[in-house]
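Asker: Handing you a structure now.
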Amino acid sequence: MTAVTDPRPAFRLVSPTASREIALLATIVVVGAVFSLASPYFLTVSNLVQTLRAGLELAIVSGGMTLVIIMGGIDVSVGGILAVSAIIIGKAYQAGLPAFAVAPIGLFTGTVLGAFNGVLTAKLKVPPIVATLGSMYVFSAIMFLVIGGAWIAGLPGTLSPLVNGTVGFVPASAIVILAVYLACWVVLRRLPFGRHIYAIGCNEQSARLVGINVDRTKIATYAMLGFLAGLAALLYVARMRNVEINIGTSIAFEAIAATILGGTSIRGGVGSLLGTLLGVVFIRIMQNGLVLVGISSLWETVIIGGLLVIVLTADALASRNNPRSL
Amino acid sequence: MIARNSRFSASDPLRARLLVLIGLWIVSIVAMSLLSPYFLQASTVPYLLQYVPVLGLLGLGQTLVVLAGGPGIDLSVGAIVSLVSVIVGALLAVGLNIWLACAAGLVAGALFGLVNGILVNYLRIPSLMATLATMFAYGGLALATTEGRPFSNFPAGFAWLGLGQTFGIPNAFLFVLLPVAVILHVMLTRTVIGRHIIACGNDDRAAHLSGLDVARIRTGLYVLSGVLSAIGAIIAMSWFMAARPDAGKGMELLAVTIAVLGGTHIFGGTGGVPGAIVAILIVTTLQIGLQLANISAAWQLGVIGVLLIGSVSSLGGLKLRWRTGS
């Protein structure tokens, strides 16, 4: 609905929920100020760059998650996709393949697993939450069976410059994140495909009647999220140079939280990439700051959960008069 | 007249479903006894029944929440188990009587369920998101307040519930799960409240127009799910003689699997207690069997994932065939 009545869709950088971005930005500034008063280490270049690098995978995955949620879907298996892709990347490196061969393999794995979710929801008509819960189990089974409880360690860091390098003063990871979000923005805002995503999120039945190939759009969108998870896996391996057993366990829920905090509607049809990016920044700053201030990082889930409740309640109260919310 | 019609159409696919489930259970028993020579022994039965109650209570609560439609789902049940454990353990540690501590735990469970119910039904936040947020909040609180340390100063008599047996059957099964299942089954099939729950799940608008307070009924079921989770927490504590702050970790996914596998339609309106009970037995049989056969936990995950996806998509197929057949 919003996408259709949008007066100037092509020029919009800020979502229809612009107030959300501003509120989130203000919160980030306030939280950042509190942390930098509490800890002298918070507002240092090295700490912020470190936080940026640590948030690379979450940022990339959240971009794809935003597309899926705008389409009215959800994917809780994305951590499993990341894990399986990382393991395959690790095994490929161990088999002696060069980086330029490993990278496409990793991206391909992610895409295939994402498309698998898409087929489950689009063709087998399994509701996305159930489908991806199930495939999360399956992916973690694959992961345990392949990795067998051991780490894959000592992988080459051929792609490390993408994470750790700098271009001039700008960290390479920032450029990677911006490139990913720019690509997502082009897909969502400039291509007909993005319009289809919005249409399905607003009203799937109408989208079908208008002649949009709903099934294909769904599969492609889930595959895009899978592709981004594969990319995140590639960068994870480049950053850590190993694959550990609990890789990707919390990333799906964090990505969903970042997306929702950023103003994307869980009902679909409304969303903002900029908001998601701010949501990721918020979550990572929170994690980093709590550790620096000396508060147990266990409180972080409480804070994220509490904030989600507040944000969702505020949304619900604001949309009371909106017929769409019924 | 209308009531009889709806009862007929609601029970018909369910009966077929129940037969399929019982068949599936027999298949899994045969498969497990082939895998492990220890499985098909009389001593396995109490061992199996020992595992059933906690998961069973959560699965039954989930079944009712899903059954009432909305679409409803309660992802926070595992977190409620953890948080109630912590509350009861802490109250016991400050010297409260065990009975009072457990009663307080039940009240706390009801309150947590009430919060879920209000968020979902009165603020109209999609259930998936609301309970995901409270899952973060409750589970995070349980871990953060205790810093992950368990409480373990339970009186010896407390073990009666979780470890004791009467006539060779675990007490928790005989005196908790069985009565709860019977009561819920009678409530669903023989009382007005049960009819109202099914009506809400079938068509909430029609239910609303015929004078039902849909939001209140659904909220009541979230409260019930919270109370059942609290009972589950007490059984788990009595079983381990410790209150672990991560006691319910991962249980929400198993609870959803049980509800959906048991034939409850994910969008509500169809389903019931008998299917859920057989689904619990299937899941537990698989877990115990694979454990006895010393097969890695990864296979359990994989098998449950396939079951989850398969049960939803096959339910769709079954319904379709049933409709075209008539």
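Asker: Can you tell me the mean projection area, over all orientations, of the convex hull of segment B:46-313's alpha carbons? Units nm², please. If you can, show how the numbers build up before the last one.
Answerer: On the way: hull surface 56.3 nm².
Mean projected area for segment B:46-313: 14.1 nm², to one decimal.
Asker: Same structure again: What are the ³J(HN,Hα) couplings of segment B:259-266, residue after residue, when phi is run through the Karplus curve with 6.51, -1.76, 1.60 and θ = phi - 60°? Round to Hz, x for glycine and proline.
Answerer: In residue order, the calculated couplings are 4, 6, 4, x, x, 6, 5, 5 Hz.
Asker: Additional query: Considering only protein heavy atoms, what is the solvent-accessible area of B:Asp213 at a probe of 1.4 Å, reported in Å² to the nearest 10?
Answerer: Estimated to the nearest 10 Å², B:Asp213 gives 70 Å².
Asker: If you don't mind, another one. Order B:Glu147, A:Glu254, A:Glu244, most accessible first, counting only protein heavy atoms with a 1.4 angstrom probe.
Answerer: B:Glu147, A:Glu244, A:Glu254
Asker: From the protein chains alone at 1.4 Å, what is the descending order of accessible area for A:Ile22, A:Ile105, largest first?
Answerer: Numbers: A:Ile22 120, A:Ile105 60 Å².
From most accessible down to least: A:Ile22, A:Ile105.
Asker: In addition: With the Cα gyration tensor of segment A:113-271 in hand, give its eigenvalues times 5 under a square root as the equivalent ellipsoid semi-axes, listed largest first in whole angstrom.
Answerer: They are 31, 22, 13 Å, listed largest first.
Asker: Arrange the residues A:Lys91, B:Lys249 by how much accessible surface each exposes, largest first, with a 1.4 angstrom probe.
Answerer: Working: A:Lys91 90, B:Lys249 165 Å².
Highest to lowest solvent-accessible surface, that is B:Lys249, A:Lys91.
Asker: For peptide A:306-318, what's the mean number of Cβ atoms from other chains within 10 Å of each residue's Cβ? Present the calculation step by step, with values, prior to reporting the outcome.
Answerer: Values: counts 6, 3, 9, 10, 1, 3, 9, 6, 1, 4, 8, 2, 0.
If you average over the peptide's residues, the count of other-chain Cβ atoms is 5.
Asker: Based solely on its DSSP helices, what 222 nm [θ] is calculated for chain B when runs of n ≥ 4 H residues each add -39,500 (n - 2.57) and the sum is averaged over all residues, nearest 500 deg cm²/dmol?
Answerer: Numbers: 13 runs with 237 residues, N = 326.
Counting only the DSSP helices, I get -24500 deg cm²/dmol.
Asker: Keeping all protein chains in the complex and leaving out DNA, RNA and ligands, what accessible area do you get for A:Leu43 with a 1.4 Å probe, in Å² to the nearest 10?
Answerer: Accessible area of A:Leu43: about 120 Å².
Asker: Which three numbers, in whole Å and largest first, are the semi-axes of the equivalent ellipsoid of segment A:9-325 derived from its Cα gyration tensor as √(5λ)? Could you put the intermediate results ahead of the total?
Answerer: Numbers: eigenvalues 166, 142, 63 Å².
The three semi-axes for segment A:9-325 are 29, 27, 18 Å.
Asker: Once amide H atoms are placed 1.01 Å from N in the peptide plane, what residues at a sequence separation of 5 or more from A:Thr166, or on another chain, have their amide H within under 5 Å of its amide H?
Answerer: Under 5 Å from the amide H of A:Thr166: A:Ala172.
Asker: Helix-derived [θ] at 222 nm for chain A: sum -39500 (n - 2.57) over DSSP H runs of at least 4, divide by residue count, nearest 500? Can you show the working numbers first?
Answerer: On the way: 15 runs with 226 residues, N = 326.
Value at 222 nm, helices only, nearest 500: -22500 deg cm²/dmol.
Asker: Work out the length of the dipole vector of chain B about its Cα centre, built from +1 on the beta-carbon of each Lys and Arg and -1 on the beta-carbon of each Asp and Glu, and round it to the nearest 20 debye. Please list the in-between numbers first.
Answerer: On the way: 16 positive and 8 negative charges, 153 e Å.
Charge dipole, chain B, about its Cα centre: 740 debye, nearest 20.
Asker: Further question on the same structure: To the nearest 10 square angstrom, what accessible area does B:His265 show with a 1.4 Å probe?
Answerer: Taking all protein chains as shown, B:His265 has close to 50 Å².
Asker: Work out, in µm²/s and without decimals, the Stokes-Einstein translational diffusion coefficient of segment A:15-169 at 4 °C, 1.567 mPa s, Rh from Kirkwood over C-alpha pairs.
Answerer: Values: Rh = 18.5 Å.
Rounded, D is 70 µm²/s.
Asker: Taking amide H positions as placed in the peptide plane 1.01 Å from N, state which residues far from B:Thr264 in sequence (5 or more) or on other chains have amide H under 5 Å from it.
Answerer: It is B:Gly272, by chain and number.
Asker: Could you list which residues have their amide H under 5 Å from that of B:Gln165, counting only those 5 or more apart in sequence or on another chain, with H placed in the peptide plane?
Answerer: Long-range HN contacts for B:Gln165: B:Asn171.
Asker: At q = 0.05, 0.12 Å⁻¹, work out log10 I(q)/I(0) for the protein assembly as shown with the Debye formula, treating every Cα as an identical point scatterer and leaving solvent out; two decimals please.
Answerer: -0.23, -1.39
Asker: Something else about it: What are the ³J(HN,Hα) values, in whole Hz, obtained from phi via the Karplus relation 6.51 cos²θ - 1.76 cosθ + 1.60 with θ = phi - 60°, for each residue of segment A:285-291 in sequence order, with x given for Gly and Pro?
Answerer: 5, 4, 4, 5, x, 4, 5
Asker: For the pairing of chain A with chain B, what total accessible surface becomes buried, with a 1.4 angstrom probe, in square angstrom to the nearest 100?
Answerer: Roughly 3400 Å² of accessible surface disappears when A and B pair.
Asker: In whole Å, largest first, what are the principal axis extents of the Cα atoms in segment B:238-280?
Answerer: That works out to 38, 18, 12 Å along the principal axes.
Asker: Whole-Hz ³J(HN,Hα) for each residue in segment B:52-63, computed from phi via Karplus 6.51 cos²θ - 1.76 cosθ + 1.60 with θ = phi - 60°, x for glycine and proline: what do you get?
Answerer: 5, x, 4, 4, x, 4, 5, x, 5, x, 4, 4
The values are calculated or read from the model by the stated rules, or taken from the named source; none is laboratory data. Keep in mind it's a predicted model, so treat the numbers as computed, not measured. All Cβ positions, even for glycine, are placed from backbone atoms using ideal geometry, and neighbour counts span all protein chains on display. All accessible areas refer to the heavy atoms of the entire protein, side chains included, with ligands and DNA or RNA removed. Shrake-Rupley method; radii C 1.70, N 1.55, O 1.52, S 1.80 Å.
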